[in-house]
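S.K.: Would you mind keeping the following structure in view while I ask a few things?
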Amino acid sequence: MNIWHIKTLAITFILITAASLGGIKAYLDHYVNQQVARLTQQFAKQAMINYEQVNLSLFGSLLIKSLKIQPTTLPEIQIEEIALSPLYELYDANRIPNFLQLTVKNLTIAIPDSTLPAPWWLKLAKYDAYYLTFHDLRSLNYMAFQADVTLLAEKKQQSVNLTLLINSKHFGIWQLKATLDDASTLKQLLTAATTLPLHNIFMDYTDNGLLPRLFTLLAQRNLMTDVTLQQQLGQKVHSDLQRSGAKLDTSIINGLQKFIQNPRRLTITLEPNPAISLNGLSLLMPENMPQRLNLKVTHPNN
């Protein structure tokens, strides 16, 4: 067999393989579109759901493009693209996935032009002077909440690590991390998450200029300077926390006060020892929570 024959066979093999993979992908795309269509029909009474395209890659990624959700009683939600991978980790419901990633590109939620009054409990606590409505946000040209969202789930030895990242150009950057005890199956993880021991929670917020603008708006409304308003709010938070009877470390109050004075970044960590479930957390007395959960609040200037 000469080189020309070998090349011909190789090209023929490649073409047949490509055609086969293309046919498989077309079938998978058709099947996934049918399943997603059925799913949207199940929620038809709660919301109108439309999307431009659903694709399933041969490498196990589910892509949904140009998704629009119009709930019956809530603002419209638009998403440029949703990606879930790898799908093969979900095939066996009797096994916890080793790794899953969900990404949401350009999530947009319209901000309604509403002016609901401050709730009664906020007035009772005398924080209604710091209450803001959606109309207030729109007056500052915040017409919609926009962000990219990433959710990661990773199994490590006998635990499951969850990471949520919300990155918004105008509303700041939120990061949440949590470590749960491993469940025996994926179904157990989803249905019994509140009973699994929680080892730690890490929450971090970085402001992108929103809070100073809100403080300025509140200060103008209350006929005072920004500095005066922030000082009064910081003093009230300090006084209320001290009177609450909660067993708080002084660093917690200091961290909150510094964030009010300089709202750049705030980090909150919970590291209960021993670990505690969400069900167990609900049974704790409020004044004992900070100490039992080993609550820490830090600010860059701490």
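S.K.: Which residues, taken from the stretch 265-278, are under 17 Å from Pro300 (Cα atoms) and surrounded by fewer than 17 Cβ atoms within 10 Å (Cβ to Cβ)?
M.R.: Within the stretch 265-278, Arg265, Thr269 qualify.
S.K.: Another question, if that's okay. Given the criterion in a helix (DSSP H, G or I), without any contact (Cβ under 8 Å) to a residue 24 or more places away in the chain and either surrounded by 14 or more Cβ atoms within 10 Å (Cβ to Cβ) or within 28 Å of the chain's Cα centre (by Cα) (or both), identify the matching residue among Leu214, Leu284, Leu241, Leu218.
M.R.: Being in a helix (DSSP H, G or I), without any contact (Cβ under 8 Å) to a residue 24 or more places away in the chain and either surrounded by 14 or more Cβ atoms within 10 Å (Cβ to Cβ) or within 28 Å of the chain's Cα centre (by Cα) (or both) holds for just one of Leu214, Leu284, Leu241, Leu218, which is Leu241.
S.K.: Then there's this: So which residues in the stretch 139-166 are closer than 17 Å to Leu211 by Cβ and not aromatic (Phe, Trp, Tyr), if there are any at all?
M.R.: Ser139, Leu140, Asn141, Ala147, Ile166
S.K.: Quick one: in the stretch 81-138, of everything that is of a type in the set (Gly, Ala, Ser) and surrounded by 12 or more Cβ atoms within 10 Å (Cβ to Cβ), which residue is farthest from Gly234 (Cα to Cα)?
M.R.: Among those that are of a type in the set (Gly, Ala, Ser) and surrounded by 12 or more Cβ atoms within 10 Å (Cβ to Cβ), it is Ser85.
S.K.: Let me ask something else. Within the bounds of the stretch 205-223, is there any residue that is farther than 30 Å from Tyr131 by Cα, at pLDDT below 95 and touching a strand residue (DSSP E or B) at 6+ places or on another chain (Cβ under 7 Å)?
M.R.: Checking the stretch 205-223: not a single residue is farther than 30 Å from Tyr131 by Cα, at pLDDT below 95 and touching a strand residue (DSSP E or B) at 6+ places or on another chain (Cβ under 7 Å).
S.K.: Okay, moving on. Specify which of the listed residues (Asn301, Asn273) is under 27 Å from the mean Cα position of the chain (by Cα), free of Cβ contacts under 8 Å to residues at least 40 places away in the same chain and not in a helix (DSSP H, G or I).
M.R.: Asn273
S.K.: Got a sec? Which strands (runs of 3 or more DSSP E) wholly within the stretch 94-178 have at least 3 residues that are in contact (Cβ under 8 Å) with a residue 12 or more places away in the chain and within 19 Å of Asp207 (Cβ to Cβ)?
M.R.: 144-156, 159-168
The values are calculated or read from the model by the stated rules, or taken from the named source; none is laboratory data. Remember, it's a predicted structure, so these values are computed and weren't measured experimentally. All Cβ positions, glycine included, derive from the backbone under ideal geometry; neighbour counts span all protein chains shown.
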